[in-house]
Amino acid sequence: MEGLVNICLWLAAAYLLVGLIFYLVCLVRGMQTIDPDTVGAPVSFRLIIAPGVIILWPALVGKWRTKKPSE
Amino acid sequence: MGVSYQAILWNKSKKRYDLWMSLFIILVLAVFVLAQMTLHPSITIETLIIRATAFTAITLLHIILIIGPLCRLDSRFLPLLYNRRHLGVTMFLFALVHGLFCIIQFHTLGDTNPIASVFLSNQNYQEISEFPFQILGFLALVILLLMAATSHDFWLKNLTPRIWKGLHMAVYIAYALVVGHVALGTLQYESKPLYWVMLLGGFVVIAGLQIFTGLREVKRLRSTSEKTKDKFVKVCNFDDIEDSRAKIVTIGSENIAVFRYDGQISAVSNLCRHQLGPLGEGKIVDGCITCPWHGYQYFPHNGQSPPPFNEKLKTYEVNIRGNDVWVDPKPKPPGTFIQPAKLEGSAS
């Protein structure tokens, strides 16, 4: 049981770390490709969506990949 | 949306909402803390924080869950719905403080990872009286985190309203986990029946309201007229619809709001593009259909939001024969102009 719990926690931590890196990349480039309405949005907006981006990054990666060719 | 996002689109109503919410929370906290200090004079500050944040979070969760059905019963409750997301995020923050204090107080003293300790410190899954209720609370907190993290309109747009709505329906799973968490925790640590009575009372109110409004909705759907002529379906008489208001009809799989305004009729999808709110329960304001939930607006004749917004609703062909209103349930693409049907002899 202990081993299983520890593996799950490590996997969760790794998943969230990838999410954090994705979020930081999005801050530099990518967010406006995912959603053009983010252009000109204030820093407070970028902070408020941070937890969601870190948790749900696969949904946004998919969106970024499908939108990229048309940009 | 068609304009840049803001962290929070503040307006007078939202500020007033948050002020009342803050005052209510202060009142709840004050009453609870006073009651605890009276009943348990030797209570420690850590335990007081754990209990007070839990009580406040659960109280807010109950209010959140009854707002929807209350609004369906009486439109005077609609102001409570307007900024429900702030209520939800606030509830999550109280639950988070409760969770963090519990982990600090009960799971940081050993050499096990504190979060792993939540799952490992008690493994009596077979005994209901000793069940590790903490795990239920932890899972509820994860769901509430997911909901709070996606409460901004950015997520509504990018996950699509349907997926976003589905995700936020997980609040019922979170509620079930919270009920289990509190019930089992109370069973193990409390001899007084007060907490059981409050929990059961809350459940009865939430379940009762949800079932009652659900049954009303089923009855309404069944009452929709199915009299057809050509491709059109008769939905009601012109006079059945109040001016600047709508009648909601469901024909097949189409949920349609039929609006009467300026002596004419238009029909659009009943589902707001924002959070799938019931447009037909709103009214025409400044020439636009206005969603009762958050005030999103659409022109009745083409289902388009006024500039600079770019949301579009499906529209439906309508006509008036005699005094009867008929709707073609086959939807036109979102934003399609449909000539409003006018009552014969109407000057408008």
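The values are calculated or read from the model by the stated rules, or taken from the named source; none is laboratory data. Worth saying up front: this structure is predicted, and the values here are computed from it rather than measured. Ideal geometry is used to build each Cβ from the backbone, glycine not excepted, and the neighbour counts take in all protein chains shown. To get the accessible areas, we keep the full protein, side chains included, count just its heavy atoms, and leave off ligands, DNA and RNA. Shrake-Rupley method; radii C 1.70, N 1.55, O 1.52, S 1.80 Å.
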Which of the residues belonging to the range B:301-321 are closer than 14 Å to B:Pro340 by Cα and either β-branched (Val, Ile, Thr) or open to solvent by 50 Å² or more (accessible area, probe 1.4 Å) (or both)? B:His301, B:Thr315, B:Glu317, B:Val318, B:Ile320, B:Arg321
I'm checking my understanding of the structure. Among residues of the range B:88-113 that are small (Gly, Ala, Ser) and within 30 Å of B:Ser13 (Cβ to Cβ), which one is surrounded by the fewest Cβ atoms within 10 Å (Cβ to Cβ)? B:Gly88
Grab the helices (runs of 4 or more DSSP H) fully contained in the range A:22-71, keeping just those with 1 or more residues being open to solvent by 40 Å² or more (accessible area, probe 1.4 Å) and among the polar types (S, T, N, Q). A:31-34, A:43-48, A:57-67
Among the listed residues B:Ile173, B:Ile135, which satisfies the condition of being within 13 Å of chain A (Cβ to nearest Cβ) and within 19 Å of B:Phe92 (Cβ to Cβ)? B:Ile135
Is it the case that B:Asp74 is at negative phi, away from every other protein chain (no Cβ under 14 Å) and in contact (Cβ under 8 Å) with a residue 12 or more places away in the chain? no
From the list B:Arg85, B:Arg51, pick out the single residue that is assigned to a helix (DSSP H, G or I), crowded, with 17+ Cβ neighbours inside 10 Å and either within 14 Å of chain A (Cβ to nearest Cβ) or on the phi > 0 side of the Ramachandran plot (or both). B:Arg85
B:Asp111 versus (1) part of a helix (DSSP H, G or I); (2) within 13 Å of chain A (Cβ to nearest Cβ); (3) of a type in the set (D, E, K, R): which is the lone unmet condition? (1)
